[in-house]
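Remarks on the structure that follows.
The values are calculated or read from the model by the stated rules, or taken from the named source; none is laboratory data. Predicted, not measured: the structure shown is a model, and the values here were computed from it. When we count neighbours, we look across all protein chains shown, and the Cβ atoms used for this are built from the backbone with ideal geometry, even at glycine.
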Amino acid sequence: MRVSNEPKSAAVNGLALYLAYRDVGLARDWLSQTLGFIETGRAANAQGTVTNVEMRAGKTTLLLERSDVSGDAYPRGTRWTGVWVDDPDAWYERLRSSGIDAAEPEDEPWGVRLVRVVDPEGHVWALIKRATTS
């Protein structure tokens, strides 16, 4: 398959990431309080249970969906979700001082420095920055 670098009339403007959670409200609270994401919309069922939440993380849209999170429902899974930050070390200090368990910053062989943190339902979030080249 050949990919052309020529401009297209239908340009890509960004990504919207969907993540499935058992408790969307808990996930929203954790992402807002821990990573500073901003809620921009939500939907609830007739019983008032939050079923969907839309959040912004910089220029990226994150959509949380109340769903079955078993391996059968999502067989490919997600290794981790990356969040570009200016300073992973500062994020590590911020998380630790807030009582959040986070892995110490690491330099990865593929050229990023990152801090990993796990949300209440087990999604791994990596706060990443490209390594500087000299």
Practice prompt. Tell me which residues, restricted to the range 76-101, are farther than 12 Å from L35 by Cα, under 15 Å from the mean Cα position of the chain (by Cα) and small (G, A, S).
Written response: G77
Discussion item. I need every pair where a residue in the range 99-121 that is in the same structural domain as S32 (by TED's automatic domain parsing) has its Cβ under 8 Å from the Cβ of a residue that is part of a loop (DSSP other than H, G, I, E, B), sequence separation at least 6 or different chains.
Written reply: none
Worksheet item: For the range 78-134, list the strands (runs of 3 or more DSSP E) that sit wholly inside it and hold at least 2 residues that are surrounded by 14 or more Cβ atoms within 10 Å (Cβ to Cβ) and touching a helix residue (DSSP H, G or I) at 6+ places or on another chain (Cβ under 7 Å); which are they?
Response: 112-118, 124-130
